[in-house]
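Colleague: Have a look at this one before I ask anything.
Each value in this text was obtained by applying a stated rule to the coordinates, not by laboratory testing. If you're wondering where the values come from, they're calculated on a predicted model, not measured in any experiment. FYI the Cβ positions are ideal-geometry reconstructions off the backbone, even for glycines, and counts take in every protein chain you see.
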Amino acid sequence: MKNIKSYVLGFFLCVNLLVWYAVFSENRGELTVAFLDVGQGDAIFIEAPNGKQILIDGGSNGAVLRELSKIMPFYDRSIDMIILSHPDQDHIGGLPAVLENYKVDYVMESGIKSDSGTYETFENIIEEKAVKKILAQQGMVVSLCDSPEVGLLENSGEAELPQDCGGYLEVLFPNVDVSDFETNTSSIVIKLVYGENSFLFTGDAPQSIEKYLADSFGNYLDVDVLKLGHHGSKNSNSEKLLGFASPEYTIASVGLGNSYGHPSQEVLNLLKQFEIDLLRTDEEGMVIFKSDGQSLKIEN
């Protein structure tokens, strides 16, 4: 009888510890932006101080699940939103597995379709699980505030968010119907703002879109961290974009010894010219930024 009581007491003690661990984990007071090591592909995990989570892209395969398990608590089986920048395999490949393994409330897409089997599976799971779909539009704001209903989505050309808000993401592109565009050119471009810190995610947008962004937004592109477009390809990451973004750090989400030669030597030369630090997932593994709204730190 004493043994049974001890087991029961131990069980409830473990449950209590897990509850308190969950409480403290969900109130860290910092923004987390993690560039996941998924090989030659993109996958970016964002968690606001209040626990809201967004995943931008999912790499080419199920490696994203391994990476998410490193950055998310084992008991957390939900993600507020998935953003698919565009449906190429190295961005969409792991997302069906994410949808199967996590409860997802929203999926944002650029509006371009694909005839690949992965894309068909992705769309079928969205329909089966009744995930809400959102078509990305310039000026759309994804809020990281506490409000569960209006917090995730507000449509505004000039978002007026509370100063104590947990940050927001703003869609800078597309500004038009991209359903007939080449896939890379259709990439969703997003700026993340949290206090005085900011990030720019450009998918695989080519230099033609970068020129549009620079001409349209100018110094608004100024950020602390820039994810290099198209994994550091010379077809992206123009001198003009780098000049306006003037990031302290750039991230190359690439696979070790990839056959594309990413990041390209031309881009590496530009980064050296601008004296911009480069972090590579093939060398660093997962790259994690933490922000308190005033300063950034890197945790690897």
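Colleague: Take the residues of segment 246-300 that are among the hydroxyl-bearing types (Ser, Thr, Tyr) and free of Cβ contacts under 8 Å to residues at least 60 places away in the same chain: which is nearest to GLY41 (Cα to Cα)?
Modeller: SER259
Colleague: Give the residues of segment 280-300 that are more than 24 Å from GLY257 (Cα to Cα) and β-branched (Val, Ile, Thr), sorted by residue number.
Modeller: ILE298 - this is the single residue of segment 280-300 that is more than 24 Å from GLY257 (Cα to Cα) and β-branched (Val, Ile, Thr).
Colleague: Looking only at segment 181-208, how many residues end up being more than 26 Å from LEU31 (Cβ to Cβ) and touching a residue at least 24 places away in the same chain (Cβ under 8 Å)?
Modeller: 7
Colleague: Could I ask something else about it? Name every residue in segment 250-300 that is small (Gly, Ala, Ser) and either at positive phi or touching a helix residue (DSSP H, G or I) at 6+ places or on another chain (Cβ under 8 Å) (or both), in order of residue number. Spell out the reasoning first.
Modeller: Just the residues of segment 250-300 that are small (Gly, Ala, Ser), to begin with: 252-253, 255, 257, 259, 261, 264, 285, 291, 293, 295.
ALA252, SER253, GLY255, GLY257, GLY261, SER264, GLY285, GLY293, listed by residue number.
Colleague: Something else about it: Go through segment 48-78 and give me each residue that's under 19 Å from VAL33 (Cβ atoms), buried (at least 20 other Cβ atoms within 10 Å of the Cβ) and touching a helix residue (DSSP H, G or I) at 6+ places or on another chain (Cβ under 7 Å).
Modeller: Once the filter is applied, which keeps residues that are under 19 Å from VAL33 (Cβ atoms), buried (at least 20 other Cβ atoms within 10 Å of the Cβ) and touching a helix residue (DSSP H, G or I) at 6+ places or on another chain (Cβ under 7 Å), segment 48-78 yields LEU55, ASP57, GLY58, GLY59, VAL64.
Colleague: Moving to a separate point now. Please work out if GLU210 is among the acidic types (Asp, Glu), crowded, with 24+ Cβ neighbours inside 10 Å and out of contact with any strand residue (DSSP E or B) (no Cβ under 7 Å at 6 or more places or on another chain).
Modeller: So GLU210 passes the test.
Colleague: Residues to consider are SER69, SER60, SER85; find the one that is under 16 Å from the mean Cα position of the chain (by Cα) and without any contact (Cβ under 8 Å) to a residue 24 or more places away in the chain. Before the answer, list the steps.
Modeller: On the way: SER60 fails: without any contact (Cβ under 8 Å) to a residue 24 or more places away in the chain; SER85 fails: without any contact (Cβ under 8 Å) to a residue 24 or more places away in the chain.
Going through SER69, SER60, SER85 in turn, just one is under 16 Å from the mean Cα position of the chain (by Cα) and without any contact (Cβ under 8 Å) to a residue 24 or more places away in the chain: SER69.
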